[in-house]
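Each remark here refers to the structure printed beneath this line.
The numbers here are math on the coordinates, done by the rules we state, and not lab data. All values derive from a computational prediction rather than experimental measurement. Don't worry about glycine lacking a Cβ; one is built from the backbone with ideal geometry, like all the others, and counts go over all protein chains shown.
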Amino acid sequence: MARLISVALQKGGVGKTTCSVNLAGALSGHHGLNTLLIDFDGQTNATTTLLGRSFEAPGNVWTVLYDGAPIEDAMVQSPQHPKLWVLPGSPELAYWEKKLSEDQWDSLVREGRRILRERAPEGIDVILIDTPPSLGLWLQIAIAASDGVIVVVQPHEFSADGVRDLMRTVQAIQEKVNPDLVIDGLIINGVRPTTGEHAAWVEQYRKQFGDAVLEPPIHERIILAEAQRLKTPLEFYAGRGATEARGWFRSIAAQLIARTGIGDRVPNAPEPPEMITSEPATPNASDAQDAPPAESPRDRSDGVTAPRSTRTAHIA
């Protein structure tokens, strides 16, 4: 079974979606893992980054959770790479969370965990879940279904406060639903390396989380927004300055693989993918009909938990 990993922090604006998309790109494009990105955020930014705003899909995360659709039938292959798949998000998530009573949450969290784990498609090596910026129902379902959590932080106090709140949620999920849940790592995002305040926070995170920190920190670079505008992970973008930033996510992906054991079945990295150098082309219907069928993850025949010490990592 694939390893399920939630990319989380309930505070908005820390770059969870940016990290989710680019980590998925590195895992699939550079490390050759069949990777599924589940968009659990009602804003659906991960979906539009990988698939654009006009795409056709047989289903989405809502049809999986509420209509009983298998993930395998609802996920869409990304146009950037044949090993990268997306389970599209749905604005229905944000709408229905407001309609549900918190008294219903415990049973819904358990049921959501069961659905996501039982319906995980075969042949996928790793599933990343891009979570919403809140401590609400959908974040709790995502974490409950996951084997591990990657925490995304920024180098300032409000972000550190968010880590404390998230750790309380993780602990509650461990106690009630998922005792094997671990912290798979921490990504420090949006760093200005020449700023003393940022450097101090980076060292504080390293001190508190130790080797759970996935290195290197992600610097604040316009190339990240540029790749997002062009609807592609950095792994498949050849814009000026992309090489360095692409290396950051490749390094983080390599550490995640080493820590969790995902991808042990993949002996060699794939050939480098075709790079996007300008506005990506949008395939038309005739192109899609003439193209040869892409390799499905089902054509390829668990992870080891992260170090136990990361379960107790915290910000003091």
Report task. Among Ser54, Ser159, Ser78, rank each residue by its count of other Cβ atoms within 10 Å, from fewest to most, as a rough exposure measure. Result -> Ser54, Ser159, Ser78
Report summary line: Proxy exposure order for Val21, Val213 (fewest C-beta within 10 Å first) is Val213, Val21
**Report entry** Mean-position separation - Cα centroids, region 147-202 and region 205-226, in angstrom
**Finding:** 11
Report summary line: Residues meeting the amide H criterion for Leu186 (H placed from the backbone, H to H distance under 5 Å, 5 or more places apart or on another chain) are Val151, Val213, Leu214
Report task. Return the long-range amide H neighbours of Gly136 (sequence gap of 5 or more, or a different chain), with a cut-off of under 5 Å between placed amide H atoms. Result -> none
Query raised in the report: Which lysines have a Cα lying under 27 Å from the Cα of Lys11, excluding residues fewer than 8 positions away in the same chain?
Result: Lys98, Lys99, Lys176, Lys207, Lys231
Query raised in the report: Length gain on complete extension for the stretch Glu92 to Ala238, per 0.36 nm per residue less the alpha carbon to alpha carbon distance?
Result: 49.0 nm
